[in-house]
Amino acid sequence: MSEFFLELFSEEIPAKLQVNARKNIYDNLKKFFDENEVKIKGQIKVFSTPNRLVVYIEKIAKSINKKSEEIRGPSIKAPEQAIEGFMRSNNVKKNQIYKKTTDKGDFYFYKNPSKKINTIELIRENIPNILNKISWNKSMKWGNHDLYWGRPLKSILTVFDGKKIDYDFYHLKSSNNTYIDKDFEEKTKKFNNFKSYNSYFKSIGIIIDQDKRKSFIKNELLKLSNKKNLKINFNEKLLDEITNIVEKPKILLCEFDKRFLEVPKEIIIITMQNHQKYFPTFDKKEKITNNFFVVADVKDKEGFVKDGNERVVEARLSDAEFFWKRNRSNNLVKQVSKLKDISYFQGLGSYFDKVQRIRKLSAFISDELLISKEKMEIASSVCKVDLMSDLVGEFPELQGVMGGYFAESQGFDNEISLAISEHYLPIGMEGRTPKKLYSIALSLSDKIDSLVGFFGINLKPTSSKDPYALRRMAISLIRLIIENNINIKIRDLISYSCVTYKEQSFEFDVKLLNNELSEFIFERLKNYMKEKEIRYDIIESSTSITTIDEILKIFKKSSVLSKNIKKDYGLNTIAIYKRCLNIVNSEINEKDEINSSPDPGLFKNDFEKNLYKKINDIRKYFSSAGREENYLESLKTLSGAKLYVDNFFDNVVVNDDDPIIKKNRLELLKMLCKSFENYFNFSKIEA
Amino acid sequence: MLTNYLVLLKRDQFGRDMVSKKNKKKKFHSFQDTILNLQKYWAKQGCLILQPYDIEVGAGTFHPATTLRSLGEKPWKTAYVQPSRRPSDGRYGDNPNRLQHYYQFQVLIKPSPQNIKKLYLNSIASIGINYKDHDIRFVEDDWESPTLGASGLGWEVWCNGMEITQFTYFQQMAGIECKPISVEITYGLERLCMFIQNKKNVFDLEWNNDGVLYREVFYQAEKEYSAYNFEFANTNNLFKIFDMLEDEAKSLTENKISLPAYDQCLKASHVFNILDSRGVISVAQRAEYIARIRNLTKNIGKVWLESQS
């Protein structure tokens, strides 16, 4: 077996592009070697640092045997020229081709001999093409060259069994050399195998293998933080990103002035993680500390790196502190009227208009949820004021959260502050859903108002575009309802929202809007259920008969049915329903109108009477269950009819000679189906 | 582009080490020395040292020596200082890190040379930053200018976690694919000098070695321009002026005189920025105004390119 080793040296390639390129080059090579039946023992390994993309195959077959192949030529009736052409293209003489009969006719054939091909030749010929096929999410050109790459590609090292493979790739020539300094492309060094390459870079502190680099960083961070009694909430995304922007990681423990801890912790965390790629630390009580870790890419010999990073954080935090002090004392209520100057959206008024609508809508919801209307109105009125603060200008992702802090520091009620803080949540399928009623009501009002507004001015999402993130908003709406067990009639909210728009002279086609928006929310509900792994047929049936006022009910029933469909009560319920429905459908006479009201006086035997009694029990069950209905219990109750249905079918002939008796029996079965439909239309469910 | 976020510094010992070997007596480079050193350095690399463009612009990139010269096949190497105006970044001189007027040092080389990273690192050494002692990182930062119809790929350069330079390979300018590719290096001079001089407040920067501070030069200007940009600019007139400039740019473009047309376009762009900082442009209008400027740039780019062949 042989060794194959490739290094592509470039200027710094961004983290995401690196991850993508690693996967891409792995897939391309794997496919290529598989197609050519080149045997590989073990794995194709792909490593990267910001500047080096490396492929290493420890054991690859030195050569392959191309089996002998029969190649079909032209038909024996073809003109001489075609036959000569065939011989020429395969480089054979007349005596090497032969005739053979196939089911498509008689043809000339040539059998090429089995052939040994050296892998090194195969690679030399094909590698430029393989490299060319790497698809970068974003690529660029540089200088006068035509090559597109993630960032400028500077050299290519390709070695097979200790020997370099020569080839051209655009303006570059492969060799067995690489640049050893990533910034100063002057000194080069020859490498004839991966081992010496890897150990050379290890000797100067560079970890080529990203997995090893990642665990090195993580272990060092753990070691250092344990020593200092600090906690790090490992954010995998951040750790992965950092792994891909350093080659010789060094962890530095830094600190900032404790006075900045008075700044809201969200600001400190965002500053550290998103802007500076640092790890914030927490104490045993999960409180943020003034210590943080920096993963540097250089040994901090003089202490400059630590100092510098501390200065940057303090500068950023002092900016934030300046704004925090200025903004938090700025009276929220007094600022509300300034929202008039900020446009919410053309055709939907200013933020002041929006807040007035949300206030009415959330007051309406407060009646439904039995919470204080007064508090609700206060929370709504000030919930958008933070958009005018410097801090939200600096940290747009903290909208709402900052408003909550301002409210808290100005002595607003806790529930009000929390509602302001959480009113953008949840964000689509991601993250947490507010649990407090005031937060839920405010979030619901905000979302309904936006959805109604954008549908009202006909800016609906298309299949490919959703620039105002309305899908995400609808999903958030659905999650608020389902995850909090809220019974609320969405159609009423939509109608009332339209009224609030109308009061401000924004006129929409209310009927059309209601239909379109309901359908849109329904589609999102289906998606949500799909995410929750509810079966497709159940989703389809559950949404086919009811309205979006029933979101909670639809979801609960469907998820109970989906979870229990293979249990005996699930199977039985479906079987009973389908059996009865089939008989009704096949025996029904066009003239007759079956309205599921059998006449007990026409029953001839106990089997009919018992079934009738059972169905009435089921009906009673449903009418008493009401809002508190336990859907598992309901399913079990339905399946309890099995004995009565079996007895009925075993002993009663539906198709009685007397059409009146027959019709009465069909009425009975139809009554059963109707009662079952209190739970669900089971007709399209596959057991 | 460099955001107008300047970073302050605290410890003294840091600055001491920033001294280059030749200047042992001096504690650090003054603001004007930093400019002089960068000019000297890039002149030595064969760049033409140009002067600032005499029209208000938001960044050094808008100087025709960058926008227009990055188009077409002719090689081009230049370096210059460009005063840059960002009306909405003004803070009346109250904020230690923000200015509505600041300086960029701009380098543009076409085609981008193979050893540009080395050239860059040596350039910061020439102003006292010894890259070997610091954590210099090239952090992904792709650039797009909707008004210029331009985009590029590159990095922001971090020194110990602080952004000190913007480094971009232009891919498109004025809606035209670049060939060959230019590389643009933009230093935010105030921020860089605050790092070198170890200052917390931009107004405390030492302009020269005789005790003149940045405050003396620009504090009043920051105060007055902030008032103009946020309070006093006559928006009715500015809206009209914008339309007039746009008309003028269009007619000059039709007459195939690209450079004067580009001047009108720059002026319109600045008027738009003031209107924006006066808060009289809605979200929807914003996109529309940007598109109008972009259209001008695109047509001017075409005319300029034709004139080059």
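Scanning region A:587-609 for residues that are free of Cβ contacts under 8 Å to residues at least 40 places away in the same chain and either under 46 Å from the mean Cα position of the chain (by Cα) or not in a helix (DSSP H, G or I) (or both) yields A:E590, A:K591, A:E593. Per the listing B:K200, B:K223, the residue uniquely surrounded by fewer than 23 Cβ atoms within 10 Å (Cβ to Cβ) and at pLDDT 95 or above is B:K223. Restricted to region A:426-442, and to residues there that are within 22 Å of the chain's Cα centre (by Cα) and within 21 Å of A:F345 (Cβ to Cβ), the residue that is modelled with the highest pLDDT is A:I427. In region B:199-210, of all residues being assigned to a loop (DSSP other than H, G, I, E, B) and farther than 13 Å from B:S30 by Cβ, the one that is nearest to the chain's Cα centre (by Cα) corresponds to B:N201. Residues that are surrounded by fewer than 18 Cβ atoms within 10 Å (Cβ to Cβ), over 17 Å from A:G640 (Cα atoms) and free of Cβ contacts under 8 Å to residues at least 40 places away in the same chain do not occur anywhere in region A:564-581. For the criterion of being out of contact with any helix residue (DSSP H, G or I) (no Cβ under 7 Å at 6 or more places or on another chain) and more than 10 Å from chain B (Cβ to nearest Cβ), A:F282 passes. The single condition among (1) more than 21 Å from B:L38 (Cα to Cα); (2) facing another protein chain (nearest Cβ under 9 Å); (3) within 16 Å of the chain's Cα centre (by Cα) that B:W155 does not satisfy is (1). Test B:E248 against the criterion of being farther than 23 Å from B:N97 by Cβ and assigned to a helix (DSSP H, G or I), and give yes or no. Judged against the criteria, B:E248 is a match. Of all residues in region B:130-149, those that are more than 10 Å from every other protein chain (Cβ to nearest Cβ) and among the β-branched types (V, I, T) total 1.
When the helices (runs of 4 or more DSSP H) confined to region A:381-464 are screened for residues that are surrounded by 24 or more Cβ atoms within 10 Å (Cβ to Cβ), those reaching at least 3 such residues are found at A:401-409, A:414-422, A:437-456. No other residue among A:K636, A:K674, A:K662, A:K642 is in contact with an Asp or Glu (Cβ under 6 Å, 6 or more places away or on another chain) and not hydrophobic (A, V, I, L, M, F, W, C) apart from A:K662.
When you look at A:I207, is it within 40 Å of the chain's Cα centre (by Cα), among the β-branched types (V, I, T) and within 14 Å of chain B (Cβ to nearest Cβ), yes or no? The answer is no for A:I207. Mind checking which residues of region B:212-245 are outside any loop (DSSP other than H, G, I, E, B) and of a type in the set (S, T, N, Q)? Correct list: B:Q220, B:S226, B:N229, B:T235, B:N236, B:N237. Residues that are surrounded by 18 or more Cβ atoms within 10 Å (Cβ to Cβ) and away from chain B (no Cβ under 14 Å) within region A:4-23 comprise A:F4, A:F5, A:L6, A:E7, A:L8, A:R22, listed in sequence order. Is at least one residue of region A:308-326 over 22 Å from A:Q276 (Cβ atoms) and in contact (Cβ under 8 Å) with a residue 12 or more places away in the chain? Yes, region A:308-326 contains a residue that is over 22 Å from A:Q276 (Cβ atoms) and in contact (Cβ under 8 Å) with a residue 12 or more places away in the chain. Just the residues that are without any contact (Cβ under 8 Å) to a residue 12 or more places away in the chain and among the polar types (S, T, N, Q), please, taken from region B:87-115. Matches in region B:87-115: B:N95, B:Q114, B:N115. Filtering region A:294-342 to residues that are within 13 Å of another protein chain (Cβ to nearest Cβ), among the charged types (D, E, K, R) and surrounded by 18 or more Cβ atoms within 10 Å (Cβ to Cβ) leaves A:D297, A:D300, A:K306, A:D307, A:E310, A:R311, A:E314, A:R316, A:D319.
Just one residue in the set A:F9, A:F107, A:F33, A:F47 is among the hydrophobic types (A, V, I, L, M, F, W, C), modelled with pLDDT of 90 or more and not assigned by TED's automatic domain parsing to the domain that holds A:L172; that residue is A:F107.
Within region B:237-251, does at least one residue satisfy the condition of being under 16 Å from B:T297 (Cα atoms), touching a residue at least 60 places away in the same chain (Cβ under 8 Å) and under 25 Å from the mean Cα position of the chain (by Cα)? No: zero hits. If the condition is being assigned to a loop (DSSP other than H, G, I, E, B) and not acidic (D, E), then region B:130-149 contributes B:N130, B:H134, B:P146, B:T147, B:L148, B:G149. Within region B:112-129, can you find the residues that are facing chain A (nearest Cβ under 9 Å), surrounded by fewer than 20 Cβ atoms within 10 Å (Cβ to Cβ) and assigned to a loop (DSSP other than H, G, I, E, B)? Result: B:P113, B:Q114, B:N115. When each of B:M173, B:M162, B:M194 is tested for being at the interface with chain A (Cβ under 8 Å from one of its Cβ atoms) and in contact (Cβ under 8 Å) with a residue 40 or more places away in the chain, the lone residue that passes is B:M162. Candidates are the residues of region A:113-148 that are in contact with a Ser or Thr (Cβ under 6 Å, 6 or more places away or on another chain) and farther than 15 Å from A:S63 by Cβ; the one that is surrounded by the fewest Cβ atoms within 10 Å (Cβ to Cβ) is A:P113. Restricting attention to region B:75-105, and to residues there that are charged (D, E, K, R) and at pLDDT below 95, which single residue is surrounded by the fewest Cβ atoms within 10 Å (Cβ to Cβ)? My answer is B:D94. Taking region A:123-196 and the strands (runs of 3 or more DSSP E) fully enclosed by it, the elements with 3 or more residues that are within 14 Å of chain B (Cβ to nearest Cβ) are at A:153-160.
The values are calculated or read from the model by the stated rules, or taken from the named source; none is laboratory data. Note that this is a predicted model, so its numbers are computed, not measured. Reconstructed Cβ throughout: ideal geometry from the backbone, glycine too, with neighbour counts over all protein chains shown.
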